[in-house]
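Report on the following structure.
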């Protein structure tokens, strides 16, 4: 019985001292830090994030230009992962005053500016 009371007290104590949870979206400073990192897992996070946004913005452009009824992708098929990541890093370097904004917006706008994407998709920063 004492064991059960001790376990219950421990769980109650841990529950009261747990840190509050909050969702936090990545901003440009965090993503730029990942991209500049020497650690493989961090630089991999940079590449994965940018390529994921590239897929999403390309699909969004395709949908806004007609989708299955003649929609067009804005990122050329010939674009390599290295080129896509490089253009985003270049955009970060050229717009350091905007790095406090959401990484999603910064990366999306880099693609819209670099390729012939629908400018109506551009996010305000």
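Bear in mind these aren't lab numbers, they're just calculated from the coordinates by the rules spelled out. Quantities reported herein were computed from a predicted structural model and do not represent experimental measurements.
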remark   = Treating every alpha carbon of the range 25-121 as one equal point scatterer without solvent, the Debye formula yields log10 I(q)/I(0) values at q = 0.10, 0.13, 0.14, 0.18 Å⁻¹ of -0.26, -0.43, -0.49, -0.78
request  = Report, in cubic angstrom per residue, the convex hull volume of the C-alpha atoms of the range 52-91.
outcome  = 66 Å³
